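The values are calculated or read from the model by the stated rules, or taken from the named source; none is laboratory data. These numbers come from a predicted model, not from an experiment. In this analysis, Cβ positions are derived from the backbone assuming ideal geometry, glycine residues included, and neighbour counts consider all displayed protein chains. Just the protein is used for accessible areas: all its heavy atoms, side chains included, with ligands, DNA and RNA removed. Shrake-Rupley method; radii C 1.70, N 1.55, O 1.52, S 1.80 Å.
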Amino acid sequence: QVLLVESGGGLVQAGDSLRLSCAASGGTFSRYAMAWFRQAPGKDREFVAAISWNGSGTYYADSVKGRFTISRDNAKNTVYLQMNNLKPEDTAVYYCAARAGALSNRAPLYTYWGQGTQVTVSS
């Protein structure tokens, strides 16, 4: 059983930056591909970014490409999401997720999920 705890969300203005963190415990972190998803009010959960178990592979949604960067530190059992040039449409609850296998943009393939952290971007 892997426990994921997100942190770093908050209220920012358009154009600002935030860095989200997701700390994992209870499993061998380096065995898991990690991803960030988000869910805005009234919308379905959507893929944001994913990273392979060793960080060599990353994948981004088109809506965040060039603005967001996913990274991980296996020594700290933590995955990060650096978000730059934030836009009001980035407002959502951000979730991290883990799966044993290759990185994916498909939420049903992820086994473990955190509780989420709220990101609000004002215009």
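Across the stretch 102-118, the qualifying residues are those that are surrounded by 18 or more Cβ atoms within 10 Å (Cβ to Cβ) and more than 12 Å from the chain's Cα centre (by Cα), and the one among them that is nearest to GLU46 (Cα to Cα) is TYR110. Within the stretch 59-100, being surrounded by 18 or more Cβ atoms within 10 Å (Cβ to Cβ), in a loop (DSSP other than H, G, I, E, B) and free of Cβ contacts under 8 Å to residues at least 40 places away in the same chain holds for one residue alone: VAL64. Against the list (1) aliphatic (A, V, I, L, M); (2) within 17 Å of ALA98 (Cβ to Cβ); (3) open to solvent by 30 Å² or more (accessible area, probe 1.4 Å), the condition ALA24 fails is (3).
Examine the stretch 102-115 for a residue that is of a type in the set (D, E, K, R) and either farther than 21 Å from LEU3 by Cβ or touching a helix residue (DSSP H, G or I) at 6+ places or on another chain (Cβ under 8 Å) (or both), and state whether such a residue exists. Quick ask: steps written out before the conclusion?
So the first thing to find is which residues in the stretch 102-115 are of a type in the set (D, E, K, R), and the list is 106.
Next cut, either farther than 21 Å from LEU3 by Cβ or touching a helix residue (DSSP H, G or I) at 6+ places or on another chain (Cβ under 8 Å) (or both) only: 106.
For the stretch 102-115, residues of a type in the set (D, E, K, R) and either farther than 21 Å from LEU3 by Cβ or touching a helix residue (DSSP H, G or I) at 6+ places or on another chain (Cβ under 8 Å) (or both): present.
How many residues does the stretch 27-57 hold that are polar (S, T, N, Q), open to solvent by less than 80 Å² (accessible area, probe 1.4 Å) and more than 15 Å from the chain's Cα centre (by Cα)? Full working, then the answer.
If we filter the stretch 27-57 for residues that are polar (S, T, N, Q), which is where we start, we get 28, 30, 39, 52, 54, 56.
Now restrict to residues that are open to solvent by less than 80 Å² (accessible area, probe 1.4 Å): 28, 30, 39, 52, 54.
Imposing the further condition that a residue be more than 15 Å from the chain's Cα centre (by Cα) reduces the set to 28, 30, 54.
Looking only at that region, the number is 3.
Listed conditions (1) in contact with a strand residue (DSSP E or B) (Cβ under 6 Å, 6 or more places away or on another chain); (2) closer than 19 Å to PRO108 by Cβ are all met by ASP44, apart from (1).
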